[in-house]
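These notes concern the structure reproduced below.
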Amino acid sequence: MPFATGLAANLAEAFGVEPELISGGGGILDIKVDDELVWSKFDKGEFPVAGEVERIIRSR
């Protein structure tokens, strides 16, 4: 979960929000904004690179 906590901290700083982390298993990483899935490690097959999630969210 270290990757997720770092990502959550980056999103908190970038958007002034408090991301909710929900523990899962098997390396699952889903990122939702207003109940819309914006990133899925399962679908993409990898973790996002630095800044990628922020760019996706800003482009919405």
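List, in order, the whole-Hz ³J(HN,Hα) value for each residue of segment 2-14 obtained from phi through the Karplus relation with A = 6.51, B = -1.76, C = 1.60 and θ = phi - 60°; use x for Gly and Pro.
For segment 2-14, the Karplus curve yields x, 4, 5, 5, x, 5, 4, 5, 5, 5, 4, 5, 5 Hz.
From the backbone phi of segment 17-27, what are the Karplus-calculated ³J(HN,Hα) couplings (6.51 cos²θ - 1.76 cosθ + 1.60, θ = phi - 60°) in whole Hz, Gly and Pro given as x?
Values, residue by residue: 10, 10, x, 9, 9, 10, 5, x, x, x, x Hz.
Just Val38, Val17, Val49 to compare: in a GNM of the chain, with alpha carbon springs under 10 Å, which one fluctuates most?
Most flexible of the set in this elastic network: Val49.
List the residues whose amide H sits under 5 Å from the amide H of Leu29, counting only those 5 or more places along or on another chain, with H placed 1.01 Å from N in the peptide plane.
Excluding prolines and chain starts, which carry no amide H, the hits are Lys41, Phe42.
Going by C-beta contacts inside 10 Å, put Phe42, Phe15 in order with the fewest on the left. It would help to have the intermediate numbers written out before the result.
On the way: Phe42 10, Phe15 13.
The order, fewest Cβ neighbours first, is Phe42, Phe15.
In the set (1) 3, 15, 11, 13, 12, 13, 12, 9, 6, 3, 2, 0; (2) 4, 17, 32, 32, 13, 2; (3) 4, 19, 25, 18, 13, 9, 7, 4, 1, 0, which value of P(r) over Cα pairs in 5 Å bins from 0, in percent was calculated from the structure you see?
After the calculation, the listed value that fits is (2).
Taking θ = phi - 60°, what integer Hz values does the Karplus form 6.51 cos²θ - 1.76 cosθ + 1.60 yield along segment 42-55, in sequence order, with x for Gly and Pro?
In residue order, the calculated couplings are 4, 5, 7, x, 7, 6, x, 7, 3, x, 5, 5, 4, 4 Hz.
Over segment 2-58, what relative contact order in percent results from Cα pairs under 8 Å that are six or more residues apart?
Working: 39 pairs, mean separation 13.0, N = 57.
Once normalised by length, the contact order is 23 percent.
If you rank Ser23, Ser40 by fewest surrounding Cβ atoms within 10 Å, what's the result?
Ser23, Ser40
Read-outs: derived from the displayed coordinates by stated rules, not from any lab. Because the structure is a prediction, the values reported are computed rather than measured. Cβ coordinates were reconstructed from backbone atoms using ideal geometry, including for glycine residues, and neighbour counts include every protein chain displayed.
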